[in-house]
Structure formats: C-alpha cells, structure tokens
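Inspection log for the structure reproduced underneath, given as structure tokens.
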Amino acid sequence: MRWLKILGSTALVLLLGLVTLRLLHPLPPLEPREASSTISEADSAAAPLGRLAARLTAPGTPGESAIHLLNDGRSAFAARVALARAAERTLDVQYYIWAGDLSGTLLLEELRAAAARGVRVRLLLDDHGTSGLDGPLAALDALPNAEVRLFNPFVLRRPKALGFLLDFARLNRRMHNKSFTADGAATVVGGRNVGDVYFGAADAGLYLDLDALAFGPAARGVGVDFDLYWNSASAYPAARILPPPAPRAMPRSPPPPTRQAATRRPGPTRRRSWRRP
C-alpha cells in the first residue's frame, strides 16, 4: 500500500500548492469603476455616421435598419477600419478573441489613433482570447480617451491555463460576443473575431464566416447590449489585471512596402479554408 501513501502525499502537495497560488493571486476589487454608457440618440444622430444612417434607412419606416452582409474576410476587415476612422464620438468594441498578429495589431492601431483624435474608445475583451497582448492592451488603456476591460480575467497571467485549476467555476464562463460599433449609428456584428485567419490574411488556413454591417436602430441595440456586459460584475478594468505598460508597448503598423516590393508579383499560393468550430 506504499504507492497509495505516495499518491496521497503527492495529491496533498498539489492541493496545497494550488491553494497557495490562489491566495497569492486574488482577484482585485471590482469597484470603483468609472460609469459610462452608450452615446445618446441625439449625439448619435448628429454625428456624420448618424446622418449617413438616416439617409440609408427608408423614410417612414421607423425601427428598420440598413444591413449589408460581409461575406469576404478582407471586406470585413476594411469595414472595421472604415468605422474606426469615421467615428467622431465613440467606439464600443467587444470580442472573444483578439490575436496579436498583423490584423490584430492594425486594428489596435486604429483604436489608438481614434482615441488620439478625441474619440471615446471602450474595448471589452474576453481575457481567454488575449494571449500575448498584455503590453499593447495596457498601453491602449493608458491613453486619456481609451479604456480597456477584461471579461472574467485570469489573475495569473502565465500560464493562463493554470487559472482553470485555481478558479474553474468562474473562468469557465466566457464571453463570445463580437461587435464593432461607431457613434452608436453603425456596427459590424457576426461570427468573426479579430485575427489574420478571420480576414484572409493568414499564410495557411482561413475561417469561413459571415458578418453584417448595420446602420440605424440595430446599431443602437448593439450599444445597449454592450453596456450590459461593460457594466457587468465580470468586466474588470484592465489596469487592475495587467502590468503597467512598458515604453512603446503599443505596436505600430508595419511600414509601407518599398517600390520594389510593391511592384513584385507574388507567386501563386495555396490556402486551405475550413469552418471555425
């Protein structure tokens, strides 16, 4: 029965280790948090995107929205960039996965640029899908007009998987919402997260997915839903979870290609595509 004693001792040591880690890495206090909500209907209607939404929706049909489906990944990426650049008042952005690849870096840069010109940026991410982005997210959160919150965050940053052993009941609850809303007047919603594999920019593989670009009341509804998650008890201010940003932690977009690179014709490539799980 010696092996039973060894097994019992090992289990006890592991249990004590997990309890110690849990005590050393407690969740920070949720409050106080700065209260905020989606843009008012009047301010939304006065913004350029609000005026565009009014022109796109049919007159005399209150409650109806203008919808354009985004089947192509590159068009879906371009729509998000266009909304980020057209926004004058607010950007409310919510995703389950935000990859630290080219697409993720470029969209973070668009959010940074929007905040720099005075747009209020609220970014809510499920912390399970932010691997490798602690520095860039902390840097974005440090900007005067930007705030980042993490849904059900992992207090132990590395390795995150260990967090499931420490607090499985909480960390097993994830947020799969995906929306990109500008000025409460236009939004992109659908199945795509943020990453090269969703936008046709990956070297190998492509997730087949669908988004919708919506103008009008639909965007207002997305904004109201965003507030429910933003102000929920599971959305923690990033500054209480992430380490302070290092200098130049915010990634910059890559430099434009040289003339020689721009004129070079790429050879044929083979790309597999599949439905995302």
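The figures follow:
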item	result
Highest average packing first - 178-190, 47-59, Cβ atoms within 10 Å	178-190, 47-59
Sparsely packed trypsin sites (Lys or Arg not before Pro) within region 86-121, loop by DSSP, other Cβ within 10 Å at most 12	R117
In nm, spacing of pseudo-spin labels at S75 and D43 (7 Å Cα→C-beta vector)	3.3
R0 of 51 Å, Cβ-Cβ distance L228-R2: FRET efficiency to nearest 0.05	0.35
Solvent-accessible area, 1.4 Å probe, carbon plus sulfur percent, for region 102-221	60
Placed amide H near V121: partners under 5 Å, 5+ positions off or other chain	L91, A146, E147
Order by protection proxy (mean Cβ within 10 Å, highest first), peptides 34-43, 200-209	200-209, 34-43
Under Karplus coefficients 6.51, -1.76 and 1.60, residue-wise ³J(HN,Hα) of region 182-187 in Hz, glycine/proline x	10, 6, x, 10, 9, 8
Karplus-derived 3J(HN,Hα), 6.51/-1.76/1.60, for each residue of region 96-112, Hz, glycine and proline x	7, 10, 10, 7, x, 8, 4, 4, x, 5, 5, 6, 4, 5, 5, 5, 4
Gain in span if fully extended, D203 to L30, counting 0.36 nm per residue against the direct Cα distance	58.2 nm
Most to least packed among 71-84, 221-234, 130-143 [average Cβ atoms within 10 Å]	130-143, 71-84, 221-234
Global geometry of region 82-170, whether rounded, prolate or oblate, following the gyration tensor of its Cα atoms and the 1.5 cut on a/c	prolate
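The values are calculated or read from the model by the stated rules, or taken from the named source; none is laboratory data. This is a predicted model, so every value here is computed, not measured. So basically every Cβ, Gly included, is an ideal-geometry build from the backbone, and we count neighbours across all protein chains shown. Remember, those area values only see protein heavy atoms, side chains included, never the ligands or the DNA or RNA. Shrake-Rupley method; radii C 1.70, N 1.55, O 1.52, S 1.80 Å.
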